[in-house]
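S.K.: Next up is a structure, given as structure tokens.
The values are calculated or read from the model by the stated rules, or taken from the named source; none is laboratory data. As the structure is a prediction and not an experimental result, all values here were calculated from the model. Here the Cβ positions follow ideal geometry from the backbone for every residue, glycine too, while neighbour counts run over all protein chains shown.
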Number of protein chains: 2
Amino acid sequence: MCHRCDYTEILKSTGLDPTKNRVRVLEIIGENNSPLSAEDIFNTIARSHRINRVTVYRVLKLLSEHMLIEPFNNGRSFHYGMAPSKNHPPHPHFFCKSCGKIECLNPESVMVDTLNFEKVFPGKIDKLEIRVEGICKNCMKLS
Amino acid sequence: MCHRCDYTEILKSTGLDPTKNRVRVLEIIGENNSPLSAEDIFNTIARSHRINRVTVYRVLKLLSEHMLIEPFNNGRSFHYGMAPSKNHPPHPHFFCKSCGKIECLNPESVMVDTLNFEKVFPGKIDKLEIRVEGICKNCMKLS
DNA sequence: CATCAGATGTAAATCAGTTGCACAACAAAT
DNA sequence: ATTTGTTGTGCAACTGATTTACATCTGATG
């Protein structure tokens, strides 16, 4: 969630045309406090504007490729959150295996020490992700 | 990879009938050094025995439910490895975003400090997973 | 041997996401 | 203002992984 971000500006400075659909998708992701699915985003936009599902998928792909957003897969579908940046520090996520929801956790909640792992690993490391899995508060109540 | 495991015995002690298909699936997963997809497992079994894909999916579901194996999703498909146990300590995984392969990393390669997070979190925590993403050694060479 | 629950096979369905192609929008060139 | 070209969008059909519904087989037990 971020009220400091100018989404049109972010797109421009990344070299992307700030089309309405792109701005809308990025804004919805940026202003939400947990990662959203393509379906979530489609539904949100479709409430006020005409848009096609495929367009949403295409915009999500484009934004991911330019590392403006970050995909998470809960085993059912992808959810997208803002990629780490000045206004958005990296943080762990909680995955509810019951409802599939993904929640952002505090950056400090889980600390990681990568030791000299990066130096030793023979491939290229892009990202270290910490995922906590379980049953969310809400699903606990329901069961 | 584990030569100390008696897969028939593991199934029995979990209360599951050690059918040929179940033993085969569990054995293939247990003897492999990285998580495998349903397709991988199907192909391996099908080389020597007649089996249906659906059976593989059903066995994987059953074994997962009984926590003998652990599913990982690389964004394309599920891969299954042995669940943590005496012979199989929990460990991080590397996900290659190019070929989709998942590799097991040393348990010590990445250390995690969960602080008092578990105490504070309002839901139920089953598992803390560390995933390293990037491009594997092999895909690095190819590109 | 008969019976019955549980395991397996088969075909069809589902679900998220992708592709191919036609059309629209917008900007630069004529 | 019209033409052209590039890029974005819509629509329909497709794909791949997984699940479902339902029929059939199998193995243990009486």
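S.K.: Looking at (1) more than 20 Å from A:K86 (Cα to Cα); (2) more than 14 Å from DNA strand C (Cβ to nearest atom), find the lone condition where A:T55 falls short.
M.R.: Of everything listed in (1) more than 20 Å from A:K86 (Cα to Cα); (2) more than 14 Å from DNA strand C (Cβ to nearest atom), A:T55 misses just condition (2).
S.K.: Answer yes or no: is there a residue in region B:62-76 that is away from chain A (no Cβ under 14 Å), within 16 Å of DNA strand D (Cβ to nearest atom), touching a Cys at 6+ places or on another chain (Cβ under 8 Å) and modelled with pLDDT of 95 or more.
M.R.: No: zero hits.
S.K.: Looking at (1) over 26 Å from B:N32 (Cα atoms); (2) crowded, with 17+ Cβ neighbours inside 10 Å; (3) at the interface with chain A (Cβ under 7 Å from one of its Cβ atoms), find the lone condition where B:I135 falls short.
M.R.: (1)
S.K.: Could I ask something else about it? Where residues in region A:77-109 are within 9 Å of chain B (Cβ to nearest Cβ) and out of contact with any Asp or Glu (no Cβ under 9 Å at 6 or more places or on another chain), which of them is modelled with the lowest pLDDT?
M.R.: Ranking the qualifying residues of region A:77-109, first place goes to A:S109.
S.K.: Starting from region A:51-71, keep only residues that are in contact (Cβ under 8 Å) with a residue 24 or more places away in the chain and acidic (D, E), then list their pairs with residues that are in a helix (DSSP H, G or I) and surrounded by 14 or more Cβ atoms within 10 Å (Cβ to Cβ) whose Cβ atoms are within a distance under 7 Å, requiring at least 6 positions of separation or different chains.
M.R.: none
S.K.: Of the residues that sit in region A:7-35 and are out of contact with any helix residue (DSSP H, G or I) (no Cβ under 6 Å at 6 or more places or on another chain) and within 13 Å of DNA strand C (Cβ to nearest atom), which one is farthest from the other protein chains (Cβ to nearest Cβ)?
M.R.: Selected residue: A:K20.
S.K.: Moving to a separate point now. From the set of residues in region A:70-82 that are part of a strand (DSSP E or B) and within 13 Å of DNA strand C (Cβ to nearest atom), which is farthest from A:V25 (Cα to Cα)? Spell out how you get there, then give the answer.
M.R.: From region A:70-82, those part of a strand (DSSP E or B) are A:70-73, A:78-82; that's our starting set.
Applying the additional criterion that residues be within 13 Å of DNA strand C (Cβ to nearest atom) yields A:71-73, A:78-80.
On the way: A:P71: 14, A:F72: 16, A:N73: 18, A:F78: 14, A:H79: 12, A:Y80: 10 Å.
Among them, the one singled out is A:N73.
S.K.: Can you tell me how many residues within region B:83-96 are in a loop (DSSP other than H, G, I, E, B) and surrounded by fewer than 21 Cβ atoms within 10 Å (Cβ to Cβ)?
M.R.: 7
S.K.: Is it the case that region B:44-59 has a residue that's assigned to a loop (DSSP other than H, G, I, E, B), within 14 Å of chain A (Cβ to nearest Cβ), of a type outside the set (K, R) and more than 14 Å from DNA strand D (Cβ to nearest atom)?
M.R.: No, region B:44-59 contains no residue that is assigned to a loop (DSSP other than H, G, I, E, B), within 14 Å of chain A (Cβ to nearest Cβ), of a type outside the set (K, R) and more than 14 Å from DNA strand D (Cβ to nearest atom).
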